[in-house]
Every structure is written in structure tokens, then in C-alpha cells.
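Just below is one structure, and these are the notes that go with it.
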Amino acid sequence: MESAESVAFRPPEGLLSLQSGRITEVSGFTGLGVTRLGLSMLAAPSRRSLVVALDVKGWLSPLAAWEVGVDPGRLVVVRCPDERLWTQVVAALMDGVRAMYAEVPSTIRSHDLRRLAALARARRTGVVFRPLGEELPAGVAHLRLRAREVRWDGLEAGHGRLERRHLVLEASGRGTAGMTRRIEMVDDGTDVMRVVPRLGGDVGKRLAVVG
């Protein structure tokens with residue numbers, strides 16, 4: 001059974017850094033900033049090599065990636081509206097890049113996802129999967145990040161100026177040693193997302209900058 005525990009960040013690769021050969025799942029309702037979170041994990045790898053964002057829905061904008069620190073000259077956006085080709089496209093991209101963000105159609109079968117997880121380990125590709133339907137099956141993701149809540153500072157009595165956005169995440173899986181941990185990230189909607197030092201006493205005092 002998972003239990004709550006403070007986050008112990010492990011510099012230089014923090015909990016929210018994309019790890020070579022491992023899959024991170026980011027999930028949550030539309031509007032909570034899940035896509036932004038996933039793209040932000042490509043920022044650091046883009047300083048070293050080419051990174052890919054695989055778009056299934058057809059509305060992913062490169063600007064969203066640039067805003068969170070992804071190098072514009074090293075980002076490739078691949079559109080894949082045909083869900084029947086999705087598994088083949090992901091496998092092919094793993095052969096050419098070391099970091100990828102990919103939306104996962106709800107029709108993709110569990111055994112295909114597990115096969116891609118094995119391929120990611122073999123190719124040492126860090127992958128962020130954003131499921132568009134149910135969560136990924138057990139054994140695929142090394143780390144699960146679920147968006148639970150978002151709130152903005154600056155609005156009082158129904159008016160004001162939006163200043164900062166706070167995104168509360170729940171982290172679990174092998175990447176957290178089987179613990180469920182709560183993390184709060186903050187940004188102003190355009191700057192790189194940052195982990196705040198604590199969340200209700202549950203989050204450690206060290207900061208980790210994503211991107």
C-alpha cells in the first residue's frame with residue numbers, strides 16, 4: 001500500500017526530470033496544465049540533442065514547448081492522427097531521439113505499450129506519455145504524475161490580474177519508491193514551471209527547477 005512521504009529530490013536529476021530509458025506518465029483533466037508539464041520535461045534534453053513531441057489530437061503548438069524552455073531549434077513536432085500507425089511511429093522515433101513527449105490514444109493496447117516501454121529501455125530513450133483515455137497499464141510507467149488541482153493567484157472578489165498558477169501533482173510508482181507524494185509547481189503561465197519548496201509540510205525544502 002502506498003503512503004504519503006516528503007519528496008526527496010535527487011540532484012542533478014530531480015523527480016521531475018526525464019530519465020533515460022524510462023517512461024513518465026502525466027495525466028489529468030484538460031485545462032490543468034498536463035500538456036505543459038509534459039513538454040517542460042523536454043527542456044533540459046533539448047539543450048543537448050533533438051527532442052520530439054508527438055501530437056495525436058492535432059492542436060499541439062510548438063509555442064507551448066518554447067514557453068517552458070524547449071530549444072526551438074531542437075524541437076520536432078510530429079502529427080499522427082491515424083491511431084493505427086501510432087505504435088509504429090513511436091517505435092521509429094525512439095530509434096532517432098533520446099527524449100520524447102507523446103499523446104497516447106485510448107485505443108492503444110496494453111501489450112503494445114509494454115513493448116514500447118521495453119524498447120525505450122533498450123534505446124535509452126526518455127519518454128513522457130500523456131494518455132488521452134484511461135491511465136497506462138501497470139508496469140509501463142516508471143513514474144506517474146497526476147494533476148489533481150490548479151489555482152491562480154491574483155483574483156479576489158471576482159476581479160484582478162492573474163499572476164501565478166499553482167499546480168498540485170500526485171507522484172507515484174517505482175520512481176517514488178512506491179510512495180505517493182504531493183508536489184506543488186508554480187509559474188506565471190509563460191515562465192518555466194518551478195517546484196515550490198513545500199506543500200502542506202509534505203514536500204522537502206530543496207527546490208528542483210524543471211527545464
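No value in this document is a laboratory result; all are computed from the given coordinates. From a predicted model like this one, the values you see are computed outputs, not experimental measurements. Here the Cβ positions follow ideal geometry from the backbone for every residue, glycine too, while neighbour counts run over all protein chains shown.
Treating r as the C-beta distance of THR30 and ASP153 and R0 as 25 Å, the FRET efficiency rounds to 0.70.
Taking neighbour Cβ counts within 10 Å as the exposure measure, how do MET179, MET94, MET41 sort from fewest upward?
Ascending number of Cβ neighbours within 10 Å: MET179, MET94, MET41.
Fewest Cβ neighbours within 10 Å first, please rank ASP112, ASP82 accordingly.
Numbers: ASP112 16, ASP82 11.
With the sparsest Cβ surroundings first, the list reads ASP82, ASP112.
Positive end of the dipole of segment 23-195 (Cβ unit charges, origin at the Cα centre): among LEU32, ALA138, THR180, the Cα lying farthest that way belongs to ALA138.
For segment 31-82, the square roots a ≥ b ≥ c of the C-alpha gyration tensor eigenvalues yield an a/c of 1.5 or more together with a/b not exceeding b/c, which makes the shape oblate. Of ILE183, ILE23, the sequence from fewest to most neighbouring Cβ atoms within 10 angstrom is ILE183, ILE23. Only Cα pairs under 8 Å and 6+ residues apart enter the sum, and on that basis the relative contact order of segment 25-91 stands at 33 percent.
If you take the Cα centroid of segment 169-185 and the Cα centroid of segment 91-124, the two points sit 22 Å apart.
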